[in-house]
Amino acid sequence: MAMTIAKALIKVMKMDDRPLTPKEAWERIRDEELYEFQTLTPLHVVRTTLRRQCEGLEFPSARKKKLFKQESGGRFS
């Protein structure tokens, strides 16, 4: 089974054992070759994935299942 963006995000957060900014998370996913983005804007995709599945953020395209939590400084855990 191929790794999803959300699973790749969880993996890099566990690897670093700290909350990450979307840019840090994207760079780690890229460096570890965990997911191959098919877009010119991978950082936007990472940011959107984090927000859609973030506790406390509700909007029409948000997911019901929350996997992430927003921390201070624009970081997510």
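The values are calculated or read from the model by the stated rules, or taken from the named source; none is laboratory data. Keep in mind that what you see is a predicted model, and the values were worked out from it rather than measured. Reconstructed Cβ throughout: ideal geometry from the backbone, glycine too, with neighbour counts over all protein chains shown. Accessible surface is based on the protein model in full, side chains and every heavy atom, while ligands, DNA and RNA are left aside. Shrake-Rupley method; radii C 1.70, N 1.55, O 1.52, S 1.80 Å.
Run the numbers for Ile10 and Lys65: contour at 0.36 nm per residue of separation, minus the present Cα-Cα distance, in nm. Please report the intermediate quantities before stating the final value.
On the way: separation 55, 0.36 × 55 = 19.80 nm, distance 1.40 nm.
The span from Ile10 to Lys65 would gain 18.4 nm if fully extended.
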For the chain, the percent of accessible surface on carbon and sulfur atoms (probe 1.4 angstrom, ligands and nucleic acids excluded) is 50
Note, Ala25: beta-carbon cut-off 15 Å, +1 each Lys/Arg, -1 each Asp/Glu, net +4
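Based on the Kirkwood radius over alpha-carbon pairs, what is the Stokes-Einstein translational diffusion coefficient of the chain at 37 °C with 0.692 mPa s viscosity, in µm²/s? Working shown, then result.
Numbers: Rh = 12.5 Å.
For these conditions, the coefficient is 263 µm²/s.
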The correct ranking of Thr4, Thr49 by accessible area at 1.4 Å, largest first, is Thr4, Thr49
Once both label points are put 7 Å beyond Cα along the C-beta direction, the Ser72-Phe37 separation in nm becomes 2.8
Listed residues Arg18, Arg52, Arg28; largest mean-square fluctuation, Gaussian network over the chain with Cα springs below 10 Å, found at Arg18
Averaged per residue, the 1.4 Å probe accessible area of the chain, protein heavy atoms only, in Å², is roughly 68
